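Worksheet: the structure to be examined is printed underneath.
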């Protein structure tokens with residue numbers, strides 16, 4: 001395994017690094033907002049403007065707030081209509097590239113982010129599967145995994161070029177958007193200048209108020225302005241709106257009604273902000289609070305006697321959420337710092353291996369396995385701090401690349417070692433060819449299996465000779481096992497006799513009467529196993545039936561034993577193993593099962609390591625954390641028990657091979 005397999009282990013960090021700026025507790029400051037939809041125009045704006053001071057008195061509610069539309073400080077993205085989503089997983093890689101090109105060419109650049117990300121995710125999922133298949137095909141040719149190198153994929157290159165084009169177009173859009181903000185800022189300040197002049201008008205109050213309402217509409221129709229100018233803009237606008245209301249001397253009853261309405265709105269915002277304290281997602285709570293602050297700013301004044309009380313209530317909820325937000329990112333920062341330290345330790349381990357000079361195939365093989373285990377551990381560790389993440393990954397990747405580079409150089413230069421390995425394998429071929437015509441089926445079978453195991457321990461030979469010498473060795477082994485199969489195919493009479501013997505053993509199992517001694521019962525059942533296994537082959541068409549019948553009856557008796565589930569499991573496995581031992585064609589199946597058990601143990605050990613690592617990040621004082629810790633401990637205990645069972649099964653297989 002080379003470090004090319006690691007390239008997806010440290011992807012770009014996600015939303016963990018989003019904005020951490022605390023909300024300002026000044027009532028008039030404008031906290032940063034998320035992209036939000038504009039609310040409907042208020043009922044007051046749909047009411048026709050008054051034409052005289054008498055008509056002003058007829059207004060049910062006079063607006064003292066400015067606008068129900070939230071000021072947006074970031075470009076709105078992905079506000080497309082709710083269309084049926086495309087299932088990109090059904091597209092080929094080439095079709096995904098075509099679809100991405102079409103989307104970029106035909107749709108607004110600010111509306112396609114979700115589609116672009118979806119195409120990217122599906123494409124690289126397919127690309128990963130394709131790369132893995134290429135690696136398997138490469139291994140199937142007998143080559144060393146260290147020599148495997150992916151060629152440049154033109155389809156992936158085209159996709160990357162489209163991503164660059166998308167980012168360039170998006171950047172151009174954002175630049176234009178910022179220019180529009182500056183224009184909007186100038187227009188809004190111009191509206192404020194017009195508001196200033198309203199108090200100097202000589203016309204009727206009705207006409208002046210109509211002009212005021214027209215300015216409000218113009219203000220509302222203008223879009224975003226630069227974030228850094230937003231606070232001053234709103235404060236100035238509020239100031240002159242209040243001066244205008246003072247100027248026209250609104251009826252006190254209507255004014256009080258408006259103040260009461262504003263108080264109700266702000267109480268509602270306090271209720272919402274206080275509920276956010278219980279929100280599980282700290283980031284989601286912080287974003288919602290930003291929205292509530294934006295709405296608070298747009299609500300007009302409240303009665304003077306309530307102003308300080310309501311603001312202190314809202315400010316307190318803001319303080320609590322801000323504190324949780326700060327603590328969350330502080331904990332995240334500490335975790336990432338710990339991840340960096342662990343990754344630095346892994347880098348040191350690999351770098352020390354690079355320095356070490358290996359002089360044998362065994363040393364290289366052992367260190368290669370160590371490197372692979374270190375790479376697996378690396379993938380279980382989370383992100384390092386953003387500024388260090390790419391650096392530490394590059395350091396680790398470079399160290400691994402140097403190791404595998406030195407290994408390739410060793411085998412390329414050590415021709416003498418490869419020639420020695422070739423001589424050993426030729427010797428195995430000669431031994432197998434001497435045994436291929438033997439009729440001592442049992443003894444020769446064990447000898448050939450031992451030769452096959454020894455073959456695996458020999459190091460690599462030159463690519464030119466590897467396939468040739470393997471075919472020679474395999475031909476000799478196949479010749480013997482084919483002759484053995486033919487021999488047993490011609491002894492039908494013996495098979496019928498064996499069938500009767502096995503049926504008699506099955507009847508013994510059925511009729512066995514249990515004693516009060518568990519050990520005696522256990523030994524009796526084991527003896528039935530041994531007797532059944534010692535009997536030779538039965539007619540081919542009945543072998544599965546008789547074997548299944550014996551296993552079923554024996555398992556029924558095993559279930560009656562007063563022993564634990566683990567012991568029963570191992571006893572049943574022993575029955576199955578002994579059955580397979582007497583089937584020459586099943587030898588490969590047994591070895592395959594051993595490999596499967598071994599791989600499962602490695603996976604369980606990796607899971608245990610990951611779970612034990614995760615346990616260290618929980619706050620044991622939390623009830624929820626205690627529940628999760630209990631769950632993790634149960635998983636770890638269950639995995640350890642399963643490992644013990646699997647290791648015992650491997651020992652059974654190894655013992656059967658040595659007999």
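On the given criteria, is residue 466 within 24 Å of residue 363 (Cα to Cα) and touching a residue at least 60 places away in the same chain (Cβ under 8 Å)? Criteria met by residue 466. The number of residues in the range 407-438 being crowded, with 17+ Cβ neighbours inside 10 Å, free of Cβ contacts under 8 Å to residues at least 60 places away in the same chain and under 41 Å from the mean Cα position of the chain (by Cα) comes to 1. Among the residues of the range 408-418, those identified as closer than 27 Å to residue 475 by Cα and in contact with a helix residue (DSSP H, G or I) (Cβ under 9 Å, 6 or more places away or on another chain) are 417, 418. Does residue 390 count as surrounded by fewer than 19 Cβ atoms within 10 Å (Cβ to Cβ) and within 26 Å of residue 610 (Cβ to Cβ)? Criteria met by residue 390. Number of residues in the range 357-370 that are in a helix (DSSP H, G or I) and in contact with a helix residue (DSSP H, G or I) (Cβ under 6 Å, 6 or more places away or on another chain): the value is 2.
Exactly one residue among 313, 319 is under 21 Å from residue 231 (Cα atoms) and in a helix (DSSP H, G or I), and that residue is 319. Between 343, 402, the distinction of being crowded, with 18+ Cβ neighbours inside 10 Å, in contact with a helix residue (DSSP H, G or I) (Cβ under 9 Å, 6 or more places away or on another chain), at negative phi and not in a loop (DSSP other than H, G, I, E, B) belongs to 343 only. Among the residues that make up the range 197-210, is at least one of them in a helix (DSSP H, G or I), without any contact (Cβ under 8 Å) to a residue 12 or more places away in the chain and either in the same structural domain as residue 469 (by TED's automatic domain parsing) or closer than 16 Å to residue 244 by Cβ (or both)? Yes. Of everything listed in (1) surrounded by fewer than 17 Cβ atoms within 10 Å (Cβ to Cβ); (2) modelled with pLDDT of 80 or more, the single unmet condition for residue 204 is (2). Restricting the range 80-118 to residues that are exposed (fewer than 11 other Cβ atoms within 10 Å of the Cβ) and at pLDDT below 85, the residue that is nearest to residue 176 (Cα to Cα) is 81. For the range 447-494, a residue qualifies if it is within 30 Å of residue 410 (Cβ to Cβ) and over 45 Å from the mean Cα position of the chain (by Cα), and exactly one does: 472. Among the listed residues 171, 121, identify the single one that is outside any loop (DSSP other than H, G, I, E, B), free of Cβ contacts under 8 Å to residues at least 60 places away in the same chain, assigned by TED's automatic domain parsing to the domain that holds residue 92 and under 30 Å from residue 230 (Cα atoms). Matching residue, one of 171, 121: 171.
Of the helices (runs of 4 or more DSSP H) lying entirely inside the range 439-517, those carrying at least 3 residues that are assigned by TED's automatic domain parsing to the domain that holds residue 588 and surrounded by 14 or more Cβ atoms within 10 Å (Cβ to Cβ) are 492-511. Within the range 371-398, being at pLDDT below 90 and over 30 Å from residue 331 (Cβ atoms) holds for one residue alone: 371. Just one of the listed residues (354, 302) is assigned to a helix (DSSP H, G or I), surrounded by 15 or more Cβ atoms within 10 Å (Cβ to Cβ) and in contact with a helix residue (DSSP H, G or I) (Cβ under 7 Å, 6 or more places away or on another chain), namely 354. Apart from one condition, residue 348 fits all of (1) surrounded by 13 or more Cβ atoms within 10 Å (Cβ to Cβ); (2) part of a helix (DSSP H, G or I); the exception is (1). Listed by first and then second residue, the pairs with beta-carbon distance under 8 Å, at least 6 apart or on different chains, first residue in the range 629-650 and on the phi > 0 side of the Ramachandran plot, second at pLDDT 80 or above, form an empty list.
The values are calculated or read from the model by the stated rules, or taken from the named source; none is laboratory data. A quick note: this is a predicted structure, and the numbers were derived from the prediction, not measured. As a convention, Cβ positions derive from the backbone with ideal geometry for all residues, glycine included, and neighbour counts pool all protein chains shown.
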